[in-house]
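> Here you go, one structure.
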């Protein structure tokens, strides 16, 4: 359940950027090959955010497609699986995209 | 997590130096933003915080004065990697280790695959050349570090409480406590778990994954993240092979399928079978760490 620890890391980044303002929305980028489950993260986030500026904030997750490059034939193709096989039959692949685990931005309440 | 209220008050990460017996609390990365629950006296309290957060008086002072879409919001760009802080501490650990010509290996496996037994045997086989230091990670108990200490290596036990993995800050604290010698090999025995530790760089030079023949041949296929992060895969408990239906060929094929770059060795930490190859590999990597550290 590393998502609780991931959520705590997110809350820390968010709290620093919010600088005391109430956070309404947190936008994340999660790659399909990152090993992080968006559902589990959404489940843990309220617990991690409790008592911080990010309490009750909505979580927006932008999923980033996984892309692999075949070391044998050089082809690049989209895949959501770490066990993908290239159309040439090789499974010697490099991850090009899909490892992302980023806090993109937040929306805070403007002080009255 | 505290069973009464779900708070994390009694799940603090603790470090125990087996040499001195002293225990200290560690703040895991990501825990700084949390509210209260600071125990200045260092005691693991028995709920004297009184659960007063259960008695919020339901008068809704916060008042629902903002309906959805109402009020102006301000967008703030962050564009930061979630694990940036862990990775920065990991880089510092790596630089600290590198400068001291210390080889750090992050040992990961499912619970019960034989990490601690392998370390006990490895400490004996290395015979102090190079010296061995160990950071032990477990959710609870100092059982493993007591075994390591008995085997003759200085050891710091980190108990992660609710945590399912070690992070770079815990290892940094372990290094500060242990102060491993120049030219040593440091084993970081991670929490038994094939999922979470894959994501957290500790500053190690390589991840070594253990999996035992008492598990399934398809372990690499089920936990591809961990096996793809491994430089070396040790298939342990080979002495049990005659008693099991485990196909070694199939297991090796599955490792190669998931991570064609990983090196594999079949060993028995109990009988010592196959261990000379592992010991040679450690000594070669220590030699490389010393070469890299040269000015």
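> Quick check on region A:12-28: of everything there that is surrounded by 18 or more Cβ atoms within 10 Å (Cβ to Cβ) and closer than 11 Å to residue A:59 by Cα, which residue is nearest to the other protein chains (Cβ to nearest Cβ)?
A:24
> Report whether or not residue A:37 is modelled with pLDDT under 95, touching a helix residue (DSSP H, G or I) at 6+ places or on another chain (Cβ under 9 Å) and more than 9 Å from chain B (Cβ to nearest Cβ).
Considered against the rule, which asks whether it is modelled with pLDDT under 95, touching a helix residue (DSSP H, G or I) at 6+ places or on another chain (Cβ under 9 Å) and more than 9 Å from chain B (Cβ to nearest Cβ), residue A:37 comes out as yes.
> Give A:85, A:64, A:10, A:106 a once-over and let me know the one that is without any contact (Cβ under 8 Å) to a residue 60 or more places away in the chain and in contact with a strand residue (DSSP E or B) (Cβ under 7 Å, 6 or more places away or on another chain).
A:64
> Another question, if that's okay. Would you be able to tell me the number of residues in region B:269-295 that are touching a helix residue (DSSP H, G or I) at 6+ places or on another chain (Cβ under 9 Å) and in a helix (DSSP H, G or I)?
Result for region B:269-295: 9.
> Here's another thing I want to ask about it. Here are some conditions: (1) out of contact with any helix residue (DSSP H, G or I) (no Cβ under 8 Å at 6 or more places or on another chain); (2) without any contact (Cβ under 8 Å) to a residue 40 or more places away in the chain; (3) closer than 25 Å to residue B:100 by Cβ; (4) assigned to a loop (DSSP other than H, G, I, E, B). Residue B:176 meets all but one. Which one does it not meet?
Unmet for residue B:176, out of (1) out of contact with any helix residue (DSSP H, G or I) (no Cβ under 8 Å at 6 or more places or on another chain); (2) without any contact (Cβ under 8 Å) to a residue 40 or more places away in the chain; (3) closer than 25 Å to residue B:100 by Cβ; (4) assigned to a loop (DSSP other than H, G, I, E, B): (4).
> What tally of residues in region B:234-248 results from selecting those that are touching a residue at least 40 places away in the same chain (Cβ under 8 Å) and either on the phi > 0 side of the Ramachandran plot or in a helix (DSSP H, G or I) (or both)?
Matching residues across region B:234-248 total 1.
> Checking the structure you have, find out if any residue of region B:109-126 is farther than 27 Å from residue B:225 by Cβ, away from chain A (no Cβ under 14 Å) and not in a helix (DSSP H, G or I).
Scanning region B:109-126, I find no residue that is farther than 27 Å from residue B:225 by Cβ, away from chain A (no Cβ under 14 Å) and not in a helix (DSSP H, G or I), so the answer is no.
> For region B:179-193, what are the residues that are touching a strand residue (DSSP E or B) at 6+ places or on another chain (Cβ under 7 Å) and either part of a strand (DSSP E or B) or at positive phi (or both)?
Result: B:185, B:186, B:187, B:188, B:189.
Here's the yes/no breakdown for (1) within 14 Å of another protein chain (Cβ to nearest Cβ); (2) within 13 Å of residue B:15 (Cβ to Cβ); (3) in contact (Cβ under 8 Å) with a residue 40 or more places away in the chain; (4) more than 13 Å from the chain's Cα centre (by Cα):
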{"residue": "B:151", "(1), (2), (3), (4)": "no, no, no, yes"}
{"residue": "B:154", "(1), (2), (3), (4)": "no, no, yes, yes"}
{"residue": "B:167", "(1), (2), (3), (4)": "yes, yes, yes, no"}
{"residue": "B:195", "(1), (2), (3), (4)": "yes, no, no, no"}
{"residue": "B:203", "(1), (2), (3), (4)": "no, no, yes, no"}
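> A further question on this structure: Based on what the data block shows, is residue B:190 buried (at least 24 other Cβ atoms within 10 Å of the Cβ), farther than 30 Å from residue B:89 by Cα and at pLDDT 95 or above?
Judged against the criteria, residue B:190 is not a match.
> Quick one: which residue in B:214, B:256, B:251 is more than 30 Å from residue B:94 (Cα to Cα) and part of a helix (DSSP H, G or I)?
Testing whether each residue is more than 30 Å from residue B:94 (Cα to Cα) and part of a helix (DSSP H, G or I) leaves just B:251.
> Related question: For region A:62-79, give me the residue count where each residue is part of a loop (DSSP other than H, G, I, E, B) and more than 13 Å from every other protein chain (Cβ to nearest Cβ).
Total meeting the criteria: 4.
> Continuing with the same structure: Let me confirm something: among B:100, B:94, which residue is touching a helix residue (DSSP H, G or I) at 6+ places or on another chain (Cβ under 8 Å), on the phi < 0 side of the Ramachandran plot, away from every other protein chain (no Cβ under 14 Å) and in contact (Cβ under 8 Å) with a residue 12 or more places away in the chain?
So the residue among B:100, B:94 that is touching a helix residue (DSSP H, G or I) at 6+ places or on another chain (Cβ under 8 Å), on the phi < 0 side of the Ramachandran plot, away from every other protein chain (no Cβ under 14 Å) and in contact (Cβ under 8 Å) with a residue 12 or more places away in the chain is B:100.
> Quick test for you: out of A:101, A:82, pick the one residue that is closer than 26 Å to residue B:223 by Cα, within 18 Å of the chain's Cα centre (by Cα), at pLDDT 95 or above and facing chain B (nearest Cβ under 8 Å).
A:101
> Right, another one. Within region A:44-61, does at least one residue satisfy the condition of being within 25 Å of residue B:220 (Cα to Cα), part of a loop (DSSP other than H, G, I, E, B) and within 12 Å of another protein chain (Cβ to nearest Cβ)?
no
Per-residue answers, yes or no, for (1) over 30 Å from residue A:87 (Cα atoms); (2) over 17 Å from the mean Cα position of the chain (by Cα); (3) touching a residue at least 12 places away in the same chain (Cβ under 8 Å):
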residue	(1), (2), (3)
A:36	no, no, yes
A:39	yes, no, no
A:47	yes, yes, yes
A:58	yes, no, yes
A:71	no, yes, yes
A:75	no, yes, yes
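> Now for a separate question. For region A:11-34, what are the residues that are in a helix (DSSP H, G or I) and in contact with a helix residue (DSSP H, G or I) (Cβ under 7 Å, 6 or more places away or on another chain)?
A:11
> Report yes if some residue within region B:239-247 is under 21 Å from residue B:279 (Cβ atoms), at pLDDT 95 or above and in contact with a strand residue (DSSP E or B) (Cβ under 8 Å, 6 or more places away or on another chain); otherwise report no.
no
The values are calculated or read from the model by the stated rules, or taken from the named source; none is laboratory data. Note that this is a predicted model, so its numbers are computed, not measured. All Cβ positions, even for glycine, are placed from backbone atoms using ideal geometry, and neighbour counts span all protein chains on display.
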